[in-house]
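Any read-out appearing in this document is the output of simple, stated calculations on the displayed coordinates, not a laboratory observation. Just so we're clear, the structure is a prediction, and the values are computed from it rather than from any experiment. Cβ coordinates were reconstructed from backbone atoms using ideal geometry, including for glycine residues, and neighbour counts include every protein chain displayed.
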Amino acid sequence: MNALLARIRSFFRKRELDRDLDAELAAHLDLATDENIRRGMSAAEARRAALLRFGGVEPAKELHRETRGLPLVDSALQDIRYTLRTMRRDAAFTVVALLILAVAIGANTAVFSVVNTLLLRPLPFRDPGQLVWLEDTEGHEGLSSLTFPVGVFEAMRSRNHSFQDMTAYNAFFGFNDFKLTGRGEPERWIGLPVAENFFPMLGVQPSIGRLFVKEEYQKNGRNAALLSHTLWSQRFGADPAIVGQSLTLNNQSVTVVGVLPASFDFGAIFSPGTKVDFYFPVIMDDIRRQGNVLSIIGRLRPGVPLASARAEFAALAPALRREHPEWYATYAARLSSLKEYVSGKVRRSLIVVWCAVGLILLIASVNLANLLLARSASRSKEFAIRNALGAARSRIVRQLLTESFILACGGAALGLLLAFVLTRYLAHSRTIALPLLQNVRVDGSALAFTILVTAGAALLFGLAPGLKAAGGGIHGALKESARGASEARTQGVFRAALVVSEIALACVLLAGAGVLLRSFLRVLDVDLGFQPGRAIALRIDYNRSAPQPARDAYFHELLRRAEAVPGIERASITDSLPLGENRSWGFRVQGKFYAPTDSDPAFVYVVAPGYLKTMGMRLLAGRSFTWHDTDSTEPVILMNEAAARRGWLGQDALGKMAVADRARRVIGIVGNVRETSLEEQAGPEMFLPITQARDLAGARLILRTSLPTEAIAAGVRAALRSVNPNMPVQNFQPLQQLVDRAVSPRRFIVLLVTAFALLGLLLASLGIYGVISYSVSRQTQEIGIRLALGASAGQLQLSVIARTLRLALIGIAAGTIGAFAVTQWIASLLFNVSPTDPVTFTGMVLVLALVSSIAGYIPARRASSVDPMIALRAD
Amino acid sequence: MPSSKLDLLQGTLDVMVLQTLYALGPLHGYGIARRIEQISGDQVLLNQGTIYASLVRLQQRQWIAAAWGVSENSRKAKFYSITRKGRKQLAADAAHWQRLAEVINRVLALPTEGGAQ
C-alpha cells in the first residue's frame with residue numbers, strides 16, 4: 001500500500017526525481033573513476049572502465065523509472081500523445097470517424113433517454129408499482145365507454161379488499177374551460193376536477209401551500225384550486241405570494257391553496273398532448289347523474305398481486321349490477337398496471353426505434369473497423385519499423401486500441417452534446433402526443449449507457465485492426481508495401497465480409513423504415529370524413545342558464561358577425577371536435593327490441609346549422625339543420641353511416657325515429673368521421689341541433705377561411721367582442737393540429753426510423769466506397785499494366801463496378817432474409833401495408849444497388865483515368 | 001569469463017543490498033555495488049546500474065532511507081541506511097533463503113542411482 005502511494009507520488013515528481021538520479025549516477029561514476037585512478041589507470045581509461053562496469057546509463061535510468069513510477073500509465077500517456085499526433089496528421093480521417101461516431105452514439109443516447117423515461121423508469125409517484133388503472137369494458141372506443149359513474153366508483157372503493165385506496169378524476173375535463181377575469185385580458189384555463197384523495201394516494205405533495213381539505217369537497221363549500229407548476233411559473237412568474245390569493249374563474253371567487261411540483265405533469269402521464277392549468281375538488285354530487293364520467297386509479301395493498309385484484313373485481317362487478325341496474329355502466333372493470341396504461345401502447349414502437357438505433361451503431365462500428373483496417377494496412381510499414389526498433393507487438397496492439405478508444409471517447413463527447421440538444425428539443429416539444437416525453441433528459445443512467453455503448457463500439461471497431469497488426473510479420477509488411485504486391489488475400493476477404501454485413505444491416509433498416517413510412521403515408525391518406533385544412537376552432541363563451549331562444553339568438557348573432565369578417569367563408573358551432581375530446585350516449589331505435597338497460601352507443605355532437613359545410617363533411621341523404629329547427633318544431637337528429645347501420649341494421653334510417661335525449665326524427669345521413677384515431681374505423685355518431693339540445697358539453701366556434709390564422713385573428717376577435725365584450729379570444733386552433741397530434745406518435749417513430757435507415761444507407765455506401773477505392777488504389781500497377789496492354793477505360797470501369805455489385809448483391813441477399821423477419825416482427829405497427837410489401841422490398845433492392853454502383857463508380861473512374869506510365873513507376 | 005558468473009535470481013539483489021547496509025552501515029550506491037562484488041568474490045554478474053532500481057524499490061517500501069552526504073574522498077553522494085522496518089524484513093528474508101538453500105542442498109545430496117555418467 002505504502003509502496004503504491006510512493007509510486008503514485010513519484011509519478012507526479014518525475015523531473016525532480018530524474019535530476020536527483022542524474023546527480024546520483026554522476027557521483028557513482030566519479031567515485032568509480034577515482035578508485036580506478038587510484039589503482040593506477042590513466043584518467044581516460046579509468047572513466048571507460050567505470051562506464052563498462054556500470055553497464056549502460058540509459059537502461060539503468062529506464063529501469064529506475066519503471067521501478068519507482070507507474071510504467072503502465074506512462075506508456076498509456078505515450079500512446080495517447082502519439083495518437084493525438086497521428087490524428088492531427090490525418091485530419092480528414094479523424095473528422096469523418098468522429099462524425100460517424102458522434103451521430104451513432106448521440107442517437108443511441110437520445111433514444112435510450114426516451115426509452116428509459118417512457119419504459120424503464122418507474123412513474124414519478126410513490127410506490128408506482130402498486131398503482132392500477134381501471135377501465136370500464138364496453139365494445140366501442142371513446143371516453144364514455146372507459147369511465148365509470150360516481151356510484152360505481154364509491155361502491156368499488158368501499159367494498160373491495162385488494163386496494164388500500166382508490167381515487168378518481170373527471171375524465172371529461174377537456175370539454176369545459178374556465179374563464180379567468182379581473183387580471184388583465186381574460187384568459188382560458190383548463191382545470192381538472194380531482195377526487196379527495198387524488199394527490200395523497202399518488203404521493204404528490206405541493207411545492208408550496210397545501211392540498212385540498214375536506215370542506216373544499218362539500219357542495220357549496222369553499223372554492224379552492226391548486227396551480228400547475230407550468231402555469232405558476234409562466235403566468236405568475238413563479239411568485240410564491242400567489243398562494244392564498246383569490247382568482248375569478250367563471251365569475252366565481254376561487255382561492256389558490258398551493259402549487260404542484262414541476263415533477264407532476266398530469267397531461268404528460270394520463271393524457272398525452274393535453275395541458276392542465278389547475279386542479280380543483282370534484283363535487284361528486286354534481287356529477288352523480290351524468291353517467292360514465294370518472295377515470296379510476298387504485299393503489300394495491302402491499303403484497304396483493306394484480307391478478308387477485310382482477311379476480312375480485314370480476315366477482316364484484318356482477319354483484320353491483322344486480323343491486324343497481326339503474327347505473328349506466330357495464331360494471332366489468334378491466335384492471336391494468338398504471339405503467340402499462342401509460343406506456344403500453346408505445347412500447348413496441350419504442351423498442352423498434354431502439355433496435356434501429358442499435359443497428360446504426362453496429363453499422364457505424366463496422367464502418368469504422370473497415371476504415372481503421374484500411375488505415376492500418378497503409379500504416380503497416382510504420383508498425384514494422386517500430387517493431388524492428390524494439391517495440392513489442394503487444395505494445396503496437398495497445399497503441400491501436402488506444403487509438404480506437406480515443407476516437408470513441410471523442411465521438412461519445414460530441415454524441416452526448418448531440419443527445420443533450422435532441423432530448424431538450426423533445427422535452428420542450430408540445431406537439432408529440434407521447435406520454436412522459438416532457439421528462440426526457442440525459443441523466444445518470446443515460447450517461448452510464450453511453451459509456452457502455454462507447455466502450456463496446458471501441459472494442460468492436462478497434463479489435464479488428466489490432467488483431468491484424470498482431471498477426472502480421474515484420475518482413476512481410478516491409479516487403480509488401482515496399483514493392484506493390486497485391487493485397488493480401490485474407491485481409492481482402494475480411495474487409496469484404498465487413499462491407500457485406502454493413503449492406504445487410506442497412507437492408508434490414510431500409511425495409512423496416514420502408515414499410516413504416518408507407519404505413520404512415522397510408523394513414524395520412526385516410527379519408528377523415530372532414531377537411532381539416534383551412535379550418536380553425538376557437539372556444540367561445542355562452543350563458544349556460546340562458547333560456548333556449550335567447551341562447552339561439554346569441555349563437556346566431558355570433559355566427560352572423562363571424563361570417564361577416566373578411567376572409568371567413570363559413571362559421572359554425574360544435575360542442576366537441578373529432579380526434580379531440582369525445583363523449584357518447586346510447587340511442588334507441590323506435591320499434592326495435594332492447595333489453596331494459598340496453599341501447600346502441602354513439603358519439604354525440606351538438607352542432608349549429610352550417611356545421612357540415614364548415615367542417616367539410618359529406619351529407620349522403622336528407623337535409624342538415626337550419627335555424628328553423630327550434631324547440632317548437634319537431635325534434636330532429638342526423639346519423640352517420642355507422643350509426644344508421646348499427647341502429648337500423650341495413651334498412652334505410654332516413655325519416656325514422658330514434659330516442660336519444662328524446663324522440664327525434666332522422667332527417668339526414670352523413671359520412672363517417674374518424675373520431676378516436678386515424679387508424680380506427682369510425683364508430684356510430686349522431687348530431688343534435690344546438691337549437692334543440694340543452695346539454696351542451698362546451699362550445700367551439702369553427703371557422704373555414706381562405707386566409708392564414710394571423711390574417712383573420714384581429715377581425716374575429718373584434719367580431720366576437722362586439723357581441724360579448726368579456727369574451728377571451730385566444731388559442732385559435734387549426735383543425736390540422738388535431739390531426740397532427742393524433743398521428744404524432746406514428747410520425748415520431750417513422751421519422752426516427754427513416755432517419756436511421758438513411759444514415760445506415762449513407763454509412764454502408766461509405767463502406768463500399770472505402771473498400772473499393774482502397775483496393776483500386778492498391779492495384780494501381782496492375783491497372784497500369786492492363787491499360788498498357790490495351791484494355792479500354794470502359795472495360796476497367798466495368799470490372800470495378802461488377803466487383804462492387806457482387807459485394808452489394810451478397811449483402812442484399814442476406815439482408816432481405818433479415819428484413820422479412822423484421823417486417824413480420826413489426827407487423828402490428830403497420831397500417832394497410834403488408835409486411836412483405838413488394839413495393840418496399842423492390843425499392844429497397846433498387847436503392848441499395850444504385851447507391852452501391854455509385855459508390856463503386858467513383859473509384860472506378862479514378863482507376864480508368866490512371867496514366868499507365870505513372871502507375872508503373874508508383875512506389 | 002562473464003558467462004561463468006552467476007545470474008542473479010529474482011529478489012536476491014534486494015536481500016544482498018539490505019544485508020550489506022545492515023552489516024556495514026550507511027553506504028552510497030557505488031559502495032554497495034563494490035561490496036557485493038567483493039563479498040561474492042566477483043562471482044555475481046552485476047551491472048552496477050541495476051542496483052539503483054533495487055535501491056528505489058527498497059526506499060519506496062521504507063526498508064532503507066537515503067540522504068545526501070559527502071564521501072571519504074570528499075565527493076557529494078547519496079548515502080543509504082537500513083531502517084528498523086528494513087531490519088525486520090531482512091531477518092524474514094534471511095530465514096527464507098536459509099531454508100531454501102538447505103532444501104536445495106538436501107535435494108542435490110540425494111545419492112544417484114545406477115551410477116552417475
Mean per-residue count of partner chain Cβ within 10 Å for A:26-34 equals 6
For region A:682-836, the dipole about the Cα centre with charges only on Cβ (Lys and Arg +1, Asp and Glu -1), to the nearest 20 debye, works out at 120 debye
The exposure ranking of A:371, A:510, fewest beta-carbon neighbours within 10 Å first, is A:371, A:510
Going through A:275/A:345; A:14/B:76; A:61/B:78; A:179/A:339; A:179/A:613 one by one, the pairs whose alpha carbons sit over 25 Å apart turn out to be A:179/A:339; A:179/A:613
For region A:610-751, shape from the Cα gyration tensor axes a ≥ b ≥ c, cut at a/c of 1.5 then a/b versus b/c, turns out oblate
When A:409, A:355 are arranged by how many other beta-carbons sit within 10 Å of their Cβ, fewest first, they go A:409, A:355
Under the rule rounded for a/c under 1.5, else prolate if a/b exceeds b/c, else oblate, using alpha carbon gyration tensor axes a ≥ b ≥ c, region A:227-285 is classed as oblate
Within 10 Å of the Cβ of an average residue in A:191-198, the count of other chain Cβ atoms is 0
At 37 °C in a medium of viscosity 0.692 mPa s, region A:751-835 has a Stokes-Einstein diffusion coefficient, with Rh taken as the Kirkwood radius over alpha carbon pairs, in µm² per second, of 206 µm²/s
Treating only Lys and Arg (+1) and Asp and Glu (-1) as charged, each at its beta carbon, one finds that region A:609-659 has a dipole about its Cα centre, in Debye to the nearest 20, of 240 debye
Relative contact order in percent for chain A (Cα pairs under 8 Å, 6+ apart) equals 15 percent
Of the residues A:745, A:153, B:54, the Cα lying farthest along the dipole of the protein assembly as shown towards its positive end, which is defined by charges on the beta carbon of Lys, Arg, Asp and Glu, belongs to B:54
With Rh as the Kirkwood radius over Cα pairs, region A:154-313 has Rg/Rh of 0.99
In this structure, the FRET efficiency calculated for residue A:550 and residue A:714 from their beta-carbon separation, with R0 = 41 Å, to the nearest 0.05, is 0.90
When the charge dipole of region A:650-763 is computed with +1 on Lys and Arg Cβ and -1 on Asp and Glu Cβ about the Cα centre, the Cα farthest towards its positive end, among A:718, A:696, A:730, belongs to A:718
Taking Cα pairs closer than 8 Å and at least 6 residues apart, the relative contact order of region A:362-475 in percent is 52 percent
For chain A, the charge dipole (Cβ of Lys, Arg +1; Cβ of Asp, Glu -1; about the Cα centre) points to a positive end, and the Cα of A:640, A:2, A:357 closest to that extreme belongs to A:2
Counting other chain Cβ atoms within 10 Å of each Cβ in B:54-65 and taking the mean gives 4
Once both label points are put 7 Å beyond Cα along the C-beta direction, the residue A:85-residue A:283 separation in nm becomes 8.3 nm
Expected sort for B:96-103, A:146-153, A:249-256 on mean C-beta neighbours within 10 Å, highest first, is A:146-153, A:249-256, B:96-103
By the DSSP-based rule, helices of chain A that are at least 20 Å long along the axis (C-alpha) and have a mean Kyte score of at least 1.6 are A:91-115
Here FRET efficiency (C-beta to C-beta, residue B:62 to residue A:392, R₀ 45 Å, nearest 0.05) is 0.85
The exposure ranking of A:637, B:104, A:208, fewest beta-carbon neighbours within 10 Å first, is B:104, A:208, A:637
Diffusion coefficient in µm²/s returned for chain B by Stokes-Einstein, Kirkwood Rh over C-alpha pairs, 10 °C and 1.306 mPa s, is 100 µm²/s
Treating only Lys and Arg (+1) and Asp and Glu (-1) as charged, each at its beta carbon, one finds that the protein assembly as shown has a dipole about its Cα centre, in Debye to the nearest 20, of 2340 debye
One finds the C-alpha centres of region A:740-816 and region A:167-242 to be spaced, in Å, by 60 Å
Per the rule of 0.36 nm per residue minus the C-alpha distance, extending residue A:798 to residue A:37 adds in nm 265.8 nm
Here the FRET efficiency for residue A:560 versus residue A:126, based on Cβ atoms and R0 = 35 Å and rounded to 0.05, is 0.05
Pseudo-spin-label distance residue B:81 to residue A:26, built 7 Å along Cα→Cβ, given in nm, is 2.6 nm
The extension gain from residue A:525 to residue A:241, computed as 0.36 nm times the residue separation minus the Cα-Cα distance, is 97.1 nm
Inter-part gap, Cα centre of region A:641-680 to Cα centre of region A:1-55, in whole angstrom, is 105 Å
Under Stokes-Einstein, the protein assembly as shown at 10 °C and 1.306 mPa s, with its Kirkwood radius over C-alpha pairs, diffuses with a coefficient in µm²/s of 44 µm²/s
Between the alpha carbon centres of region A:817-844 and region A:405-444 the gap in Å comes to 29 Å
As straight-line cross-link partners of residue A:592, the qualifying lysines (C-alpha separation under 27 Å, not fewer than 8 residues apart within one chain) are A:656
